[in-house]
Amino acid sequence: MRGAGAEGHGELSLSHTHDPLPSRSVSPSLASMSRNREFGGGVVRAQGEPEGPVLNGTLERRSAGGSGTAEVQVVQMCQLVLPCHANHMGELDAGQLLKWMDTIACLAAERHAGIACVTASMDDIQFEETVRVGQVINIKAKVNRAFNTSMEVGIRVSVQDVLTGVLKKVCVALSTFVGKPVGSEKVRLSPVEHVDSVEEQLEYSRASERRRLSLHNQQAFNNLMQDFHNLKVICNGREGALLKSTESTRVESIELVLPPHANHHGNTFGGQIMAWMENASTVAASRMFGTYPTLQAVDMFKFRGPSTVGDRLVFKAVVNNVFQTSMEVGVRVEAYNCEEWKQGSGRHINSAFLIYRSRTHHHPFPNVTFTTEDGERRYLAAIVRKRIRMARKHILSFKDEGPLSVPWDRSNQVYLGYTNVVALTVLAGKQAWEASSLQNKIGIFVNEEQDRLSLKVEMEVEAPAFQVFSLLSDLRLRPLWDRHYSSCEVVEQADEEETVYHVKCPSVNSSQGRDFVILLSKRQPCKDSDPYVIALRSVSVATVPLQPDYIRSEAQCAGFLIHRNSHTSCKVCYYNEVTSGVLPYIAGNLAGWSKSMEETALSCIAFLEKDNITTAL
C-alpha cells in the first residue's frame, strides 16, 4: 500500500480563524491547508489578485458562505525550484514534480477522510508549461468527490516567476486514493459536502462521470483491441518507409528501497516510485528519438500492490508506439524481497503509460514497427489507449462553443449555400484520418486537430450515385434508417438546392431530446470525376422557436460526398465536425462500448440498396 510522504523541510499550518494570517518568511518548501471555495474550476488568478501562499508565505482563508456553512478544504504547497530539483537543462525534473503532486494529493485525501490513505492511481496529467530553476511552484489539491471507499483528488500546478510575478498553469491531474482500513473495520468515506460554487458543482459531477468511464474502461479497451487487431496490417504497413523496431528502446533499471524512500506509513513513497518510472521512460524515449524529448502527458500511474524498505524494484520501460506528434512509453515495475530476488519471481506492483513529444518541429519522430508478438500487442494497445484518451477528453470537456448557427435569410441564400458547401469540402480534404473500424462495406475514421474532433464514415453502396444522392438529400427520409432522427420536417424550401429542416432527435442520458434547425445545400457534379455534395449546418429561423421538451443544439459542419464507382455502385462518405450537441450520439462509439455508428451505416446501406424505394421529392 502506498501513500505520499512528507519531503524536504515543508511547514504545515492549520488555522481555525477566517482571518488571513500575517505574512511571514518561510523556507523554500511550504505546505499549507486552507479552505477555499474557489479551487474547483482551477482558475489561476492574475498578478495582484489574492492567491494564498505564493511568494511570501501568506496563508489565506476564505469563507464558503454565511454563518454555519462549512468551508471547502484545499491543501496547498509552495516550492522554490532549486538546482537539485532540475535536470541537466535547468528545467524542473518531471519526477520531482510528481513527488510533490503525490504528497499534496495524499494530504488532501487524508484531510477529508481522517484516516491514512494510499494512492490507487494518478492520471489525466497534461503538462503545458516548462518550469525553470528560480521559479516558484504552487500546487493545490482538493477532494472533488468521495465514494464509498475511494475518492478523486483534483490537483492543479502553477508556476510564478519571482521577478515578474506572472503566474502560469503548468498542469492539472486527477488522483484516486483509497482509505486504509484500521484493523478489521471497513472504510466508508463521508461525502463531500457544501458544494456551492459553480466550479465545485462542475468538478463534483465530472468526478462521477469520470468514474463511470473508468468502470467501462476495461470493456472498452477489449472491444477496441479487437477492432484494431483487424487494422494491424494498415497500422503497421508503411511501405517504403525506414522503420525502427520498438525493441531497440528497451530499458531495465533497478533501485533498492532505502528508509529515505519510505512514506509516513512505512511503505515505499508512491511519488518516489513515479519519479523512478519517469526516469526509465525518458531514457527509453530518448533512445527512440535520438535526443531529449519532452514529457507531454501521463495516461495513468496505476498502483497494483505494495513495496517496502529493502525491496528491489526493477523498472522496465519500452516505447510502445509512435504517432505523428507523440510517442507512448510503457513502464512496468516489479518488486522483489530477498527470497523472491533469489528465486527470480517478482511482484508486478506498478504500471504507467507516458506520452512524449518533440522539443522542436525540426526533429520528426521515426516510423516504427514491431518484431515480436508482445511488441504487436503493445503497438496496438497504444493505439487503443490513444483513442480512449481522445474520447475521455471530448466527453468530459464541457466546452462552451458559443453560438454556431447563422441566421437564415433568403436574400443571403447564395452566400450561405456557398459557405455550407465549401466548409464540407474543406472538412473532407483534411489529412491524417485515422482508421477506427473497418468492416465489410464500412470504414470509420477520426481526425483530431487540437480541440476539434471530426468523423468520417465510408460506405460502399450497390446503387447508382444519382439515386443515392436523391435519397440522402431528402432529410425527411432519414428517420427510416437513422434511429437518431425521430422526425424531420421542412421549414422552408428556398429552391431546388437549399432547404431548411427542423430535426428532432431522441434523448440520450437525459429527460429531454435534442432538436436542430438544419440548412441542407445539395450540388450535382460539374464533371464525372466530381462527387455529389450534400452539405449540412445549423441556422436560426424565427419561425422555429425553442421547443419546451427539446434542447436546441447545433451542427457546425456535416454532410455527404457521393463518389461514382460505376453505373450501379458508388462510395458514400459521411463527415461530421463534432459539436457538443452531436457528441452525446457518438460518445459510446468513441469510448469503445457501442457500435451505433456501424449499425447506422449498415442500416443506411440497406435502405439505399432497396429496389422499391419511393422517394419523396
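The values are calculated or read from the model by the stated rules, or taken from the named source; none is laboratory data. If you're wondering where the values come from, they're calculated on a predicted model, not measured in any experiment. Positions of Cβ are generated from backbone atoms using ideal geometry, with glycine treated the same way; all protein chains shown enter the neighbour counts. To get the accessible areas, we keep the full protein, side chains included, count just its heavy atoms, and leave off ligands, DNA and RNA. Shrake-Rupley method; radii C 1.70, N 1.55, O 1.52, S 1.80 Å.
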Considering residues of region 248-305 that are open to solvent by 40 Å² or more (accessible area, probe 1.4 Å), of a type in the set (A, V, I, L, M, F, W, C) and in contact with a strand residue (DSSP E or B) (Cβ under 7 Å, 6 or more places away or on another chain) only, the residue farthest from residue 384 (Cα to Cα): 256
Extreme residue, nearest to residue 564 (Cα to Cα), among residues of region 451-480 that are open to solvent by less than 50 Å² (accessible area, probe 1.4 Å) and in a strand (DSSP E or B): 461
Any chance residue 317 is part of a strand (DSSP E or B) and touching a Gly at 6+ places or on another chain (Cβ under 8 Å): yes
Selection status of residue 202, surrounded by 13 or more Cβ atoms within 10 Å (Cβ to Cβ), modelled with pLDDT under 70, of a type in the set (A, V, I, L, M, F, W, C) and more than 19 Å from residue 439 (Cβ to Cβ): no
Matching residues, region 373-390, being within 19 Å of the chain's Cα centre (by Cα) and open to solvent by 10 Å² or more (accessible area, probe 1.4 Å): 383, 385, 386, 387, 388, 389, 390
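Results for (1) modelled with pLDDT under 90; (2) more than 28 Å from the chain's Cα centre (by Cα); (3) not polar (S, T, N, Q), shown as yes or no for each residue.
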| residue | (1), (2), (3) |
| --- | --- |
| 231 | yes, no, yes |
| 240 | yes, yes, yes |
| 255 | no, yes, yes |
| 259 | no, yes, yes |
| 268 | no, yes, no |
| 272 | no, no, no |
| 277 | no, no, yes |
| 285 | no, no, yes |
| 292 | yes, no, yes |
Residues (touching a strand residue (DSSP E or B) at 6+ places or on another chain (Cβ under 7 Å), modelled with pLDDT of 85 or more and either surrounded by fewer than 21 Cβ atoms within 10 Å (Cβ to Cβ) or closer than 14 Å to residue 324 by Cα (or both)) located in region 341-361: 341, 346, 347, 348, 349, 351, 355, 356, 357
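Let's see how each residue does on (1) under 18 Å from the mean Cα position of the chain (by Cα); (2) open to solvent by 10 Å² or more (accessible area, probe 1.4 Å); (3) farther than 13 Å from residue 98 by Cα:
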position	(1), (2), (3)
139	no, no, no
144	yes, no, yes
150	no, yes, yes
155	yes, no, no
162	no, yes, yes
166	no, yes, yes
170	yes, no, no
174	yes, yes, no
177	no, no, yes
Region 408-424, residues that are surrounded by fewer than 16 Cβ atoms within 10 Å (Cβ to Cβ) and either among the aromatic types (Phe, Trp, Tyr) or more than 30 Å from residue 545 (Cα to Cα) (or both): 415, 418
Residue in region 362-373 that is over 28 Å from residue 390 (Cα atoms) and in contact with a strand residue (DSSP E or B) (Cβ under 8 Å, 6 or more places away or on another chain) present: no
Sole residue being at pLDDT 90 or above, under 26 Å from residue 403 (Cβ atoms), more than 28 Å from the chain's Cα centre (by Cα) and not acidic (Asp, Glu), chosen from 517, 572: 517
Strands (runs of 3 or more DSSP E) wholly inside region 511-599 containing at least 3 residues that are free of Cβ contacts under 8 Å to residues at least 40 places away in the same chain and either of a type in the set (A, V, I, L, M) or open to solvent by 60 Å² or more (accessible area, probe 1.4 Å) (or both): none
Candidate set: region 315-336, residues that are open to solvent by 60 Å² or more (accessible area, probe 1.4 Å) and touching a residue at least 24 places away in the same chain (Cβ under 8 Å); chosen: the one farthest from residue 255 (Cα to Cα): 324
Scope region 482-504; condition open to solvent by 20 Å² or more (accessible area, probe 1.4 Å), touching a residue at least 60 places away in the same chain (Cβ under 8 Å) and either touching a Phe, Trp or Tyr at 6+ places or on another chain (Cβ under 8 Å) or in a strand (DSSP E or B) (or both); matching residues: 484, 492
Identity of the residue in region 70-117, in a loop (DSSP other than H, G, I, E, B) and acidic (Asp, Glu), that ends up farthest from residue 159 (Cα to Cα): 71
Qualifying residue in region 89-111 (condition: at pLDDT below 95, closer than 19 Å to residue 204 by Cβ and open to solvent by 20 Å² or more (accessible area, probe 1.4 Å)): yes
Meets criteria (open to solvent by 50 Å² or more (accessible area, probe 1.4 Å), under 25 Å from residue 222 (Cβ atoms) and either modelled with pLDDT of 90 or more or not in a loop (DSSP other than H, G, I, E, B) (or both)) for residue 448: yes
